[in-house]
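As structure tokens, the structure follows; a few thoughts come after it.
Here, each number is a calculation from the coordinates, and none is a lab measurement. Quick caveat: nothing in here was measured; it's all calculated off a predicted structure. Cβ sites come from the backbone with ideal geometry, for glycine too, and all protein chains shown count toward neighbours.
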Amino acid sequence: MSSKTEVKAPTAQLSGLQLYSRFAFAGAVCCSVTHGFLTPVDVVKTRIQLDPVTYNRGLIGGFKQVVKAEGAGALLTGVGPTFAGYFLQGALKFGGYEFFKQQSINYLGYDTASNYRTAVYLGSSAAAEFFADIALCPLEATRIRLVSQPTYASGLVGGFSKMLTTEGVGAFYAGFGPICFKQIPYTMSKFVVYEKVAEAVYSVFPKKDMSDGLQTATNLGSGLIAGFAAAIVSQPADTMLSKINKTPGAPGEGTTTRLIKIAKELGLKGSYTGIGARLFMVGTLTAFQFAIYGDLKKMLGAVGGVEIGK
């Protein structure tokens, strides 16, 4: 009798558009789902930032205040632009991060990129976030206007159209400086802390020996720590972004002038208004983003990325 041993063919390695489109799709899904799900927390956080005198009872108290004054439906204000904006932003952020990381490796060589991987993580995430913010800014401006002025419009299309008609394209990018000042350090912190925490875990428990469930748990834990770090770093700019998009500027008042004025009014303490709500929000969504992103990449067969951690 003869026996045959089955040999599995190796998994095909994707590259180019096939690979990066999968990274982008996984990033779009993980960002839009997590931000959309946490819209109620974002509504309360934004109210605390914009009106700390009224909303002065913390996250739970803020929920109760919004529901009592406007009904439970108010907690979903801005869910449309949140989902759409972060779908685009997530695609460009995660897809761009993987792309720029690979380009850095191609330019520097694998060994050099690995030795200086922190710089590669920081540079790749900064470049990816810059392009992601160009897509996000108009929708984030619309979201903040809807949240800060509940009677402004009935939803994404109405709010977007009204801002475009009454204030012009410039209104969508009035907060581009603050959004870059917020999102670029946020994303740099998010990715580098995630990579470093995950690397520390895998140095003790090798990734190749881990089950899929343990890898997901590692992504969750690493993402949670990364989210806390990112929230603290980017909080002042997040508060300024909410303030500058709350209302139109005065006639002839430039964006820089408005930013300086807002910064003086806030001070350091004021710029961290709502940090409790944001730590909860950002920590939670970042943890689930990396967990969803990691699982989706595997499901989509996006296994061609290069790991440079040791």
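Rank these for me by crowding, Val44, Val67, Val157, Val29, going from fewest to most other beta carbons within 10 Å.
Val157, Val67, Val29, Val44
Find how much the distance from Leu76 to Val53 grows on full extension, using 0.36 nm per residue of separation minus their present alpha carbon separation; answer in nm with one decimal.
Values: separation 23, 0.36 × 23 = 8.28 nm, distance 2.24 nm.
Extending this stretch completely gives an extra 6.0 nm.
Remind me, relative contact order of the chain in percent, using alpha carbon pairs under 8 angstrom and six or more residues apart?
On the way: 455 pairs, mean separation 78.9, N = 310.
This gives 25 percent for the chain.
Run the numbers for Ser161 and Leu268: contour at 0.36 nm per residue of separation, minus the present Cα-Cα distance, in nm.
Details: separation 107, 0.36 × 107 = 38.52 nm, distance 3.51 nm.
Roughly 35.0 nm would be gained on extension.
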Would you compute the Debye intensity of the chain from its alpha-carbon atoms alone, equal scatterers and no solvent, and pass along log10 I(q)/I(0) at q = 0.06 Å⁻¹ to two decimals? -0.22
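Sorted by average packing, counted as other Cβ atoms within 10 angstrom per residue and highest first, what order do 47-55, 141-149 take?
141-149, 47-55
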Given backbone amide H placed at 1.01 Å from N, residues whose amide H is under 5 Å from that of Val303, ignoring those fewer than 5 places away on the same chain, are Leu14
Say each of Val306 and Leu17 gets a label point 7 Å from the Cα, pointing the same way as Cα to Cβ; how far apart are those two points in nm? 2.3
If each of Ile60 and Ile232 carries a label point 7 Å out from its Cα toward its Cβ, how far apart are those two points in nm? 2.4
If every Lys and Arg gets +1 and every Asp and Glu gets -1 at its Cβ, then about the Cα centre the chain yields a dipole, in debye to the nearest 20, of 440
Karplus-derived 3J(HN,Hα), 6.51/-1.76/1.60, for each residue of the stretch 55-66, Hz, glycine and proline x: 9, 10, 10, x, 5, 5, x, x, 4, 5, 5, 5
Which listed residue (Ala217, Gly58, Pro138) has the Cα farthest towards the positive end of the charge dipole for the stretch 16-300, taking +1 on Lys and Arg C-beta and -1 on Asp and Glu C-beta about the Cα centre? Gly58
